[in-house]
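Every read-out reported here was derived from the displayed coordinates using simple, explicitly stated rules and does not represent laboratory data. Remember, predicted model here, so these are calculated numbers, not experimental data. Here the Cβ positions follow ideal geometry from the backbone for every residue, glycine too, while neighbour counts run over all protein chains shown.
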Number of protein chains: 2
Amino acid sequence: MTTTHAENRNGNYPGKGVGGAVGVAILGKGTVGTEVLRLLGEFSDNLEQRIGGRIEVRGVAVSNLDKHKDAPEVQGLTLTDDARSLITRDDVDVVVELIGGIDYPRELVLESLKNGKSVVTANKALVAAHADELSQAANEAGVDLYYEAAVAAAIPVVGMLRRSLAGDQVQRISGIVNGTTNYILDAMTTTGMSYEDALAEATRLGYAEADPTADVEGHDAASKAAILASMGFHTRVTYGDVHCEGITQITPADIEAAKKSDETIKLLAICERLTDDNGATVGVNARVHPTLVPNEHPLAAVDKSYNAIFVEAEAAGRLMFYGNGAGGAPTASAVLGDLVGAARNKVHGGRAPADNPYADYPVVDFGEVSTRYHINMTVNDRVGVLADLARTFADAGVSLSAVRQEESGDEAHLIVVTHQAREKDLQVIVDTLAKHDDVRSVNSVIRLDA
Amino acid sequence: MTTTHAENRNGNYPGKGVGGAVGVAILGKGTVGTEVLRLLGEFSDNLEQRIGGRIEVRGVAVSNLDKHKDAPEVQGLTLTDDARSLITRDDVDVVVELIGGIDYPRELVLESLKNGKSVVTANKALVAAHADELSQAANEAGVDLYYEAAVAAAIPVVGMLRRSLAGDQVQRISGIVNGTTNYILDAMTTTGMSYEDALAEATRLGYAEADPTADVEGHDAASKAAILASMGFHTRVTYGDVHCEGITQITPADIEAAKKSDETIKLLAICERLTDDNGATVGVNARVHPTLVPNEHPLAAVDKSYNAIFVEAEAAGRLMFYGNGAGGAPTASAVLGDLVGAARNKVHGGRAPADNPYADYPVVDFGEVSTRYHINMTVNDRVGVLADLARTFADAGVSLSAVRQEESGDEAHLIVVTHQAREKDLQVIVDTLAKHDDVRSVNSVIRLDA
């Protein structure tokens, strides 16, 4: 074995590495698992230098061996479908979970942690649903739980929130964290095509899955919002706490109206610290919805399937992180970064900063959140209609910042932009407008909130 | 004392924290030091929760007490000019160096490390010049040496290279790492003003120091390039290894020519892995020079005094990090993030990944680096001059991608854009052109290399 820095300094390995090596179990051999295995081979010598010990893959578990019968071996190891036996082996130090789903990986991750194995996972749904339980198991066993790859792949936002901003106070996180929906909205913006056509193109080009529900309905982004809010605000926010709206209702007319206002529609995950008049934190909120982003904001220019996360912190100011938010290689890069961290700790001792929801702020209901709105209506084109409708807003205590009217025949399109208003007040207004005799239809309500 | 997570789990503090607290010495009380002290007060309870122990400032050292006679105390502590006594106190665990300069802070940092104190520094010049010596001292003492704030303040590029990309292979780093020069070039680009006027405006608005040499000549960026290259390529690159050109020669004509080519001139720090025909790494290079960046590249849009660092890694692909690269609060945010890391290790045990230049690639001379060039000349306006001059490039084995000619009276302005060419071949061409009978002047040579 090559002599390493750790050996030079210490004479032996202080941690759990068996025979100078760190044993790794890989669960799952899909796109990411395959790429992780490839990179482990290609970067083997470099990883040894960076860790101070060799990574040795002890086994690769898959759920269905039949699917892999054409390639039943990887790097000399026979694939197994007995994940439970693999993760409890004495010579396994770190378990890498790349399965997907929630219940089955949850069992395997908990079992691994309880057996003193550190865990690296890319599973956003698992972390967003069960972070409390998983963290507790990791803390009790004194091992690491890493999940950089669960949010925006190789964009190191988890490490940034956990370490780099550990001495600061995060005020707000707003991110484009789903590449599929960003591709669709960007295609609609650049070509004027419909949502349905853009989705078809995304599917054809491999940016959308055969069943795109989790992406287009915002569920994937909501998991990431829960993780980002939890870390940014040191408060446990779970998937169920996140208000979630997808992009399926966005029309070419909405895109066109946004352009006229020098704005771009993006699906944002927004995590916000809410304060009282004295600046004291009263709670946090996390939400996912289509959002009008002013074109001068850096998020507006994030095109194609790229991801970007914009963070505002008290001392650091505005930071943005941009890159590939999905795909086998970028996700594998994040998994390997975590694996190097977990393996270093096995070799040298020490633990990564764990989940630490000490602040325990209340999660504020979306109805209490204030933002601005673009409301697009079709109304009767009669004298006084604008004044009547403006009264509806004033009666609910919401002031307007702009009204734009376009006539066509005997009807008119009215776009109303509000100042800051509470979500629940706005919903009352929208209900009132929908019943108004002069309102033929409320076509869309889109928040302006980058 | 508040009960902390660490106490809950462990019953006591495993590390060197004295009495459950982590003792900190602050060296320097300029803009950053003042801000660090302010944030340590404001975030005190939060930092305790994140670290698992309280931060207690044991003393603040300044070089000249007379300068602080109006405010000789900070948080109940009398300022001292005896830094050596402060850093060797038994109850100091972490030393934060915010002095500036090289020789004096070098002595203090070495003395701190040898005495078993972890060190957090924001001193790019010190790290770029003496990283080897400092790392060795930290390794021998088994303590941490952190310097996130030395590059681009709160943009966490050091942590990203050291941890997040630890399982990947960095191919190239190109960054806008100096806010002063970016402000000046942006002002020249948006208003057409001269370098001198833009510098005067930057000075008036506080973006440039009274003596702007270190910024405008590229020295500050060169220190950062050395640090980025060292970490990115696991190879020791020092300040003296970095080819460095500043922005003082950039003219409004250069800016105008860039606009015509849909490019923007930026001062870039470029760190590059050089490979042979088989893709094997033959060496690395780091350089700072004005660079034409295509407008579609994300770095082109980085305006005002913002910094941004663009990283290309084999698996992660393209990543960009954007934010405030200077200023008291953003720099203090990075210092505090490092301080939390160093303090956590003091409380819980463990060490951050240290400098690890195991790869030890040769630093390739700038003359061997290939890039593309825009050459702007004033030439005699006679038939055949373009063919003659093109021959000069061909004779040196350099092919051209574009030639643009603008006539004015009996002279013509010629802008030649080359394909990839070696720096030393290009220098031969420029020397030949300068002596050519038909060339009245070579006005500028700017590299195209984002």
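The angle between the Cα long axis of helix A:31-42 and the longest principal axis of the Cα atoms of chain A comes to about 40 degrees, rounded to the nearest 10. For residue B:394, the label point sits 7 Å beyond Cα toward Cβ; its separations from the matching points on the remaining copies run 7.9 nm, from shortest to longest. For residue A:57, the residues 5 or more places off, or on other chains, whose built amide H falls under 5 Å of its own are A:24.
Among rounded, prolate and oblate, which fits region B:221-318 when a ≥ b ≥ c are the square roots of the eigenvalues of its C-alpha gyration tensor, a/c under 1.5 means rounded, and a/b larger than b/c means prolate?
Details: a/c = 1.96, a/b = 1.55, b/c = 1.26.
It is prolate, given that a/c is not under 1.5 and a/b is the larger ratio.
Which semi-axis lengths, in whole Å and largest first, follow from the square roots of five times the eigenvalues of the Cα gyration tensor of the protein assembly as shown? Numbers along the way, then the final one.
On the way: eigenvalues 324, 322, 191 Å².
Rounded to whole Å, the semi-axes are 40, 40, 31.
Each other copy places its own label point for residue B:70 at 7.7 nm from this one, sorted shortest first, where the point lies 7 Å along the Cα-to-beta carbon line.
Which ordering of B:371, A:432 is given by a fewest-first count of other beta-carbon atoms within 10 Å?
Details: B:371 19, A:432 15.
Result, fewest neighbours first: A:432, B:371.
Residue-wise HN-Hα couplings along region B:363-371, as the Karplus relation 6.51 cos²θ - 1.76 cosθ + 1.60 with θ = phi - 60° gives them from phi, are 8, 7, 4, 4, x, 8, 7, 9, 8 Hz; Gly and Pro carry x. The string of couplings for region A:283-298 from the Karplus curve (6.51, -1.76, 1.60, θ = phi - 60°) is x, 10, 9, 9, 8, 10, 7, x, 9, 7, 10, x, 5, 7, 7, x Hz, one whole number per residue in order, with x for Gly and Pro. What the Cβ-Cβ distance of residue A:201 and residue B:437 gives, at R0 = 56 Å and to the nearest 0.05, is a FRET efficiency of 0.45.
The residue among A:52, A:30, A:71 whose Cα reaches farthest toward the positive pole of the charge dipole of region A:28-93, with charges on the beta-carbon of Lys, Arg, Asp and Glu, is A:30. At the listed q of 0.10, 0.14, 0.15 Å⁻¹, the Debye profile of region A:271-401, built from one uniform point per Cα, gives log10 I(q)/I(0) equal to -0.62, -1.04, -1.14.
Distance cut-off 32 Å, Cα to Cα: go down the list A:224/B:114; B:117/B:224; A:124/A:435; A:69/A:124; A:259/B:124; A:124/B:266 and report the pairs above it. Pairs exceeding 32 Å: A:224/B:114; A:124/A:435; A:259/B:124; A:124/B:266. Distance between the C-alpha centers of region A:184-200 and region A:320-399? Whole Å please. Going from one Cα centre to the other spans 23 Å.
With +1 assigned to the C-beta of every Lys and Arg and -1 to the C-beta of every Asp and Glu, and no other charges, what is the dipole magnitude of the protein assembly as shown about the Cα centre in debye, to the nearest 20? Present the calculation step by step, with values, prior to reporting the outcome.
On the way: 80 positive and 128 negative charges, 428 e Å.
Using only the charged Cβ atoms, the result is roughly 2060 debye.
Global size of region A:370-448: 11.5, 36 Å for Rg and Dmax (C-alpha atoms, Rg to one decimal, Dmax whole). Modelled spin labels at residue A:38 and residue A:102, positioned 7 Å past Cα toward Cβ, are 3.2 nm from each other.
Under 5 Å from the amide H of residue A:444 lie the amide H atoms of A:376, each residue being 5 or more positions distant or on a separate chain, with H modelled from the backbone and absent for Pro and chain starts. Remark: spin-label model distance residue A:280-residue A:248 equals 4.4 nm, labels positioned 7 Å along the Cα→Cβ axis. Each residue of region B:229-244 was assigned a 3J(HN,Hα) from its phi angle through the Karplus curve 6.51 cos²θ - 1.76 cosθ + 1.60 (θ = phi - 60°); the sequence is 5, 4, 6, x, 10, 6, 9, 6, 10, 10, 3, x, 7, 9, 5, 9 Hz, with glycine and proline shown as x. Between helix A:328-348 and chain A there is an angle of about 50 degrees, using the helix long axis and the longest principal axis of the Cα atoms.
Counted without the sites themselves, the longest stretch of chain B free of GluC sites (Glu not before Pro) in a DSSP loop having at most 14 other beta carbon atoms within 10 Å is B:1-208.
For chain B, take the longest principal axis of its alpha carbons; what is the angle in degrees between that and the long axis of helix B:103-114, to the nearest 10 within 0 to 90? The answer is roughly 50 degrees. Between the listed residues B:231, B:206, B:86, the Cα displaced farthest toward the positive end of the dipole of chain B, a dipole computed from Cβ unit charges relative to the Cα centre, is found at B:86. Inter-copy label distances for residue B:44: 5.5 nm (label point placed 7 Å from Cα along Cα→Cβ; shortest first).
Could you put B:155, A:270 in order, starting from the residue whose Cβ has the fewest other Cβ atoms within 10 Å? Working shown, then result.
On the way: B:155 29, A:270 25.
In increasing order of surrounding Cβ atoms, one gets A:270, B:155.
Dipole magnitude for region B:177-323: about 320 debye, using +1 per Lys or Arg Cβ and -1 per Asp or Glu Cβ, origin at the Cα centre. Across the alpha-carbon set of chain B, the Rg to Rh ratio works out to 1.05, Rh being the Kirkwood radius.
When peptides A:173-180, B:331-338 are ranked by their average number of other Cβ atoms within 10 Å per residue, the highest-first order is B:331-338, A:173-180. For residue A:274, nonlocal amide neighbours, meaning residues 5 or more places apart or on other chains whose placed amide H falls under 5 Å from its own, are A:282, A:283, A:284, A:285. Dipole magnitude for region A:370-448: about 400 debye, using +1 per Lys or Arg Cβ and -1 per Asp or Glu Cβ, origin at the Cα centre.
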